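Each remark here refers to the structure printed beneath this line.
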Amino acid sequence: MKRLAAATAVGLLVAGFTATAKADEFLGSYVARISDEDHFASDGYRLESAAQMVRQDRANYHKFHRRDRDDERDRWFRGNDDRARLERMLQRPGAMSGSTRNAIVRGEPLIQVDVYTRSVRVTVLER
């Protein structure tokens, strides 16, 4: 019985360390203006989702050097694969609220993107 209790305790301890090692750690933030230009893909078609528009903002910033006055540099989404990963993270539940999605799709808000190791969180700073 004591061996079982000891083995269980060790197992829980290892599981705790594993969970801590896999925590979604905060990496940093950037601010961006989602302007009308970010509502269109590079080849001109209108984008439909907030996730696509935030991704396009980063493509405009890094690849095409089309930057809005309020856009800040980030170090996570320079490449196309990184921006594809950003879009996938933006589509996950909890990445942005419905009101944030609507503000991006229907307007030109100033947003803050908090970047974590495995997720992002978008908030509107100014509508």
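Using θ = phi - 60° in the Karplus curve 6.51 cos²θ - 1.76 cosθ + 1.60, the 3J(HN,Hα) couplings for the stretch 97-107 round to 6, x, 5, 5, 4, 4, 4, 5, 5, 9, x Hz; x is entered for Gly and Pro.
Of the chymotrypsin sites (Phe, Trp or Tyr not before Pro) in the stretch 31-95, the ones in a loop by DSSP (not H, G, I, E or B) with at most 12 other beta carbons within 10 Å are Tyr45, Phe64. About its Cα centre, the dipole of the stretch 63-124 is roughly 200 debye, where the only charges are +1 on Lys and Arg Cβ and -1 on Asp and Glu Cβ.
When the GluC sites (Glu not before Pro) in the stretch 26-127 are filtered for DSSP coil states and for at most 14 other beta-carbon atoms within 10 Å of their beta-carbon, the remaining sites are Glu48, Glu72.
Here the extension length gained between Tyr45 and Arg78 equals 9.7 nm, from 0.36 nm per residue of separation less the Cα-Cα distance. If R0 is taken as 30 Å, the Cβ-Cβ distance between His65 and Arg106 corresponds to a FRET efficiency of 0.70.
Less than 5 angstrom separates the built amide H of Phe40 from those of Leu47, all sequence-distant by 5 or more or on a different chain.
Placing dummy labels 7 Å off each Cα toward the beta-carbon, the span from Ala23 to Asp36 is 4.6 nm.
Every number here is computed from the coordinates shown, using simple stated rules; none is lab data. Everything quoted here is computed from the prediction, not taken from an experiment. Positions of Cβ are backbone-derived with ideal geometry, glycine not excepted, and every protein chain shown enters the neighbour counts.
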